[in-house]
1. Is segment 28-51 home to any residue that is of a type in the set (Val, Ile, Thr), out of contact with any Gly (no Cβ under 6 Å at 6 or more places or on another chain) and over 22 Å from Glu116 (Cβ atoms)?
2. Could you say which residue among Ser57, Ser46, Ser76 is under 17 Å from Phe110 (Cα atoms) and surrounded by fewer than 19 Cβ atoms within 10 Å (Cβ to Cβ)?
3. Six or more apart or on different chains, Cβ under 7 Å: which pairs go from a residue in segment 100-112 that's within 10 Å of Asp87 (Cα to Cα) and among the hydrophobic types (A, V, I, L, M, F, W, C) to one that's surrounded by 12 or more Cβ atoms within 10 Å (Cβ to Cβ) and modelled with pLDDT under 65? Could you list them?
4. Is it the case, given these coordinates, that Ser92 is part of a helix (DSSP H, G or I), touching a strand residue (DSSP E or B) at 6+ places or on another chain (Cβ under 8 Å) and in contact (Cβ under 8 Å) with a residue 40 or more places away in the chain?
5. Only residues in segment 57-80 that are among the charged types (D, E, K, R) count as the first member; pair them with residues that are at pLDDT below 95 and assigned to a loop (DSSP other than H, G, I, E, B), Cβ under 6 angstrom, at least 6 apart or cross-chain, and list the lot.
6. In segment 5-37, which residues are part of a loop (DSSP other than H, G, I, E, B), at pLDDT 95 or above and of a type in the set (A, V, I, L, M)?
Amino acid sequence: MPTIYSNKKTINIPFPDKVFNLYLEKGKVKSIDELNDINTFFIIKSCHNDFKIGSLSLDDFSSIGGYLFGKLKTISKSSPLGSVLLDIGELSFYIRISESKSKFSEIGNFLSKIDEYFENH
């Protein structure tokens, strides 16, 4: 369960197990042990598409991105895929914790970088 900490409170966001399992099935991944960079890319790209059309919530998108980042091999975490998964995983935090205009611009930057990544890959 992703947890967001701030100086004001702690927010626990339940991981969308059922939703994630549907994406695994869609990607023909039988278990999380089969995750690799290629099928991880296709799963998160499918999530991104669904997020953009409104059929996947921001929290579910962010939770899945953060989870997939955690499943990457160490060397892949510094790759463009790792970077975009980390940005996706941070969305839920920045949406809730942003208290200034500069932090709101960070949300826009994250979303722009995520969109740009999927447009180019």
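The values are calculated or read from the model by the stated rules, or taken from the named source; none is laboratory data. Fair warning: this is a prediction, and the values are worked out from it, not measured in the lab. For neighbour counting, all protein chains shown are included, and Cβ atoms are generated from backbone atoms with ideal geometry for every residue, glycine included.
1. Yes, segment 28-51 contains at least one residue that is of a type in the set (Val, Ile, Thr), out of contact with any Gly (no Cβ under 6 Å at 6 or more places or on another chain) and over 22 Å from Glu116 (Cβ atoms).
2. On the way: Ser46 fails: under 17 Å from Phe110 (Cα atoms); Ser76 fails: under 17 Å from Phe110 (Cα atoms).
None of the others qualify; the one that does is Ser57.
3. Within 7 Å, the pairs are Ile107/Ser98.
4. On the way: part of a helix (DSSP H, G or I): yes; touching a strand residue (DSSP E or B) at 6+ places or on another chain (Cβ under 8 Å): yes; in contact (Cβ under 8 Å) with a residue 40 or more places away in the chain: yes.
It is true that Ser92 is part of a helix (DSSP H, G or I), touching a strand residue (DSSP E or B) at 6+ places or on another chain (Cβ under 8 Å) and in contact (Cβ under 8 Å) with a residue 40 or more places away in the chain.
5. Cβ pairs passing all conditions: Asp59/Ile13.
6. Within segment 5-37, Val29, Leu35 meet the criteria.
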